[in-house]
Amino acid sequence: MLGSAGGIASLITYPALLALGLPALAADATNIVALTVMWPGSALGSKRELAGRGPWLRRWLPFAATGGAAGALLLLLTPPGAFARVVPFLIAAGSLALILEPYIRPARPAHRAPVKRGLRRVGLAVALGLVSIYGGYFGAGSGVMVLALLLVTLERDLPTANALKNMLIGANTLPAGILIACFGPVHWAAAAPLAAGALVGSRIGPAVTRALPRYVARWAVALLGLGLAAWLWAKPTG
């Protein structure tokens, strides 16, 4: 539920897998594979927010999926923990962007010139590409990063931005999960119950985001994201 409500599932799931005694690489692989099931649950829970967003999703979902596959290949081919020291700062930056977003958006003109829109789209593509690669590689906090990115560059409404974020993260995680399931050190006894909980929780999460006051949801996600950043900084993935 934390994942589809705000993008912070790994705040719970990754430490839980480590607490079970899984090595860092196996915990990472198991976490990515199990959370692939959140995509359909999130989509069902966000029908209202996703209405009319088909063209936008058709443009950006393949982009996120390609990044996820690239990140999974990096995970399988490089030493574990290569991003260990940079990940907490990325998550902290995304969390701070959530807090500052209400103050950033009003400063932007309501009607942007075509050049400005083009630059904004390029910025979204670059940032989303990097976050998508990271999502396929490790993924903890990638939902917070994507949510902040969408709120600042695209969508002011938090439930709508959250629904779009869930679709991007789902497209990102699916190819990564397939590659890692085939070639990575997945602990299936842990992956199965985690996936079951993720499927149920992802269906509930969008309704929670919709029901909460906007500032409560924003601050809850941001503070939990900062907590994840602090935890990862104190105990890096490598």
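The values are calculated or read from the model by the stated rules, or taken from the named source; none is laboratory data. Just so it is clear, the structure is predicted and the values come from calculations on it, not from any experiment. All Cβ positions, even for glycine, are placed from backbone atoms using ideal geometry, and neighbour counts span all protein chains on display.
Tabulated values for the structure
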read-out: Residue that is farthest from ARG48 (Cα to Cα), among those in segment 182-225 that are among the β-branched types (Val, Ile, Thr) and in contact with a helix residue (DSSP H, G or I) (Cβ under 9 Å, 6 or more places away or on another chain); value: VAL186
read-out: In segment 68-89, residue surrounded by the most Cβ atoms within 10 Å (Cβ to Cβ) [restricted to those that are among the aliphatic types (A, V, I, L, M) and at pLDDT 70 or above]; value: ALA72
read-out: Filter result for the condition that a residue is in contact with a Pro (Cβ under 9 Å, 6 or more places away or on another chain) and either surrounded by 15 or more Cβ atoms within 10 Å (Cβ to Cβ) or farther than 24 Å from ALA34 by Cβ (or both), over GLY136, GLY143; value: GLY136
read-out: Number of the condition not met by LEU151 [criteria: (1) more than 20 Å from LEU57 (Cα to Cα); (2) free of Cβ contacts under 8 Å to residues at least 60 places away in the same chain]; value: (1)
read-out: Cross-chain or 6+ apart pairs with Cβ under 6 Å, segment 26-53 first and surrounded by fewer than 19 Cβ atoms within 10 Å (Cβ to Cβ), then part of a helix (DSSP H, G or I); value: LEU44/ARG203
read-out: Test: residue in segment 174-184 that is surrounded by fewer than 24 Cβ atoms within 10 Å (Cβ to Cβ), over 21 Å from LEU232 (Cα atoms) and in contact with a Gly (Cβ under 6 Å, 6 or more places away or on another chain); value: yes
